[in-house]
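Okay, so here's the structure we're looking at.
The values are calculated or read from the model by the stated rules, or taken from the named source; none is laboratory data. Note that this is a predicted model, so its numbers are computed, not measured. Because the Cβ atoms are built from the backbone with ideal geometry, glycine has one as well, and the counts that use them run over all protein chains shown. What goes into the accessible areas is simple: the full protein's heavy atoms, side chains included, and nothing from ligands, DNA or RNA. Shrake-Rupley method; radii C 1.70, N 1.55, O 1.52, S 1.80 Å.
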Amino acid sequence: MNAQPDDEKIKSILKQYFDRLSILTTQVPTQVRELLLPGYMLHKKFKSIVYIDDNGKAGFEIRRERASRISIKVRRTRKQVEEEIFGISGINAAFVVNGRYTELWRLVFTHKNFTKRLGNQLPKDATILVLADEMVPIKVGNEAEVKVIDCEVHWILGKQRYVKYIPFAWIFGNISVLMEIDPVSHAESDFYFALFNSLYEIITDGYRRIADEKAKREAFEMYMKLITKIEEEVRSVIYITEADEQVFQNLLTRYKFFLWPGAESIESQPTLRGEIVRRPDFYIRTKEGKVIYVEIEPPAYKPFRGVRKSSRLREALNQVSDWKNILGDNKDVRYMIIIGLLEDLSEEEKSALEAFNEEQDNLVVVTWDYILGNIERVKAEVSKQFAGTASS
């Protein structure tokens, strides 16, 4: 069994995460917070537990919201952390997570016997995943972590009906992953992704609509101010900062929504295990079930110099080639490289980039203008919606 970590350090990291969330949520008007943010982000007071199993895996779970005080207990367990949190055991898993900053939202896990006998008791209008009896919802890789938000388990254990609501759980493949995370960075990434996903749902007439016109106007006004601030920050970093890749990795981790607006999930640095372990910068799963692995290079590097690939682009293409060797031929997998800025490219270099992309089947090379374009499109849609509420 792994050496016992310091319980107070574990509690401190988790409390820092929630303390940062409590500050970030002040950007959202009080009257629309519950409409735009998941419940766990709104409560400073809760009771929770950290499980650490014999394999060194760790899992944090909110057990009761709106408790009288913040209370985090640490408990060692012989059960696997996933079994402690979901209440069911099994060999296989519906989701195998190998990346960081992974999130699963509003899912209902159940199995065939439950749907046959008690299917009418499942939540309506929910994303329901029917698992085999020997399956568990999630298995987390040794270097990975995942957050489970507003999910439910509907199961039959023996002859008993088992139902559990999970407002928030955070599973770490190894206790060292928990001990080494930056809780502030995690809080910022989670907050902005949740907030802009709510915006996407409002705009596309999706899950949560704001019916009250006054609240809607306040929400769009908040989004306009926030996205303008984010756009200014991103432009400043992209155009002014000459730094290594980590600066831009951190930037996109914080505002990962703009990598693919409306994505089902976006992971930072997932693990691909072949003869050599590889870590793409990002993993995107679209709502249509497509998977995109992303490699980023700083905007100061050009993709082409004249008609020839730059050394930095060649390095990125070699990395993508390694990923393809690990993943094999899968028609649902795509690859993206983000490098350079259009304004730095000559007409010859722009033509070379366009010609290169036309030759590819499952790969695209884009400049950082792609991220800026996504921000501008979302901003334009917010402006349109905001103008509509103002005139109604």
**Request:** Give just the number: which of (1) in a loop (DSSP other than H, G, I, E, B); (2) open to solvent by 90 Å² or more (accessible area, probe 1.4 Å) does residue 64 not satisfy?
**Result:** (1)
**Asked** Within the group 315, 297, which residue is under 22 Å from the mean Cα position of the chain (by Cα) and of a type outside the set (A, V, I, L, M)?
**Response** 297
**Asked** How many residues are open to solvent by 60 Å² or more (accessible area, probe 1.4 Å) and under 19 Å from the mean Cα position of the chain (by Cα) when one looks only at segment 17-32?
**Response** 1
**Item:** Evaluation of residue 173 against (1) under 16 Å from the mean Cα position of the chain (by Cα); (2) farther than 25 Å from residue 373 by Cα; (3) surrounded by 20 or more Cβ atoms within 10 Å (Cβ to Cβ) (one fails), failing number
**Value:** (1)
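Please determine whether any residue of segment 165-174 is of a type in the set (S, T, N, Q), modelled with pLDDT of 90 or more and in a helix (DSSP H, G or I). Before you say what the answer is, go through the steps one by one.
Our first condition is that a residue be of a type in the set (S, T, N, Q); within segment 165-174, this holds for 174.
Among the residues that remain, those that are also modelled with pLDDT of 90 or more are: 174.
Right, trim to in a helix (DSSP H, G or I) and you get none.
Scanning segment 165-174 turns up no residue that is of a type in the set (S, T, N, Q), modelled with pLDDT of 90 or more and in a helix (DSSP H, G or I).
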**Request:** Using the structure shown, decide if residue 115 is under 13 Å from residue 148 (Cβ atoms) and surrounded by 15 or more Cβ atoms within 10 Å (Cβ to Cβ).
**Result:** no
**Asked** Considering segment 238-271 alone, what residues qualify as being surrounded by 17 or more Cβ atoms within 10 Å (Cβ to Cβ) and hydrophobic (A, V, I, L, M, F, W, C)?
**Response** 238, 248, 251, 252, 257, 258, 259, 260, 263, 266
**Asked** Scanning segment 308-335 for residues that are at pLDDT below 95 and part of a loop (DSSP other than H, G, I, E, B), which turns out farthest from residue 362 (Cα to Cα)?
**Response** 328
**Message:** If residue 158 satisfies all but one of (1) in contact with a strand residue (DSSP E or B) (Cβ under 7 Å, 6 or more places away or on another chain); (2) without any contact (Cβ under 8 Å) to a residue 24 or more places away in the chain, what's the number of the condition it fails?
**Reply:** (1)
**Asked** From 186, 154, which residue is open to solvent by less than 10 Å² (accessible area, probe 1.4 Å) and within 15 Å of the chain's Cα centre (by Cα)?
**Response** 186
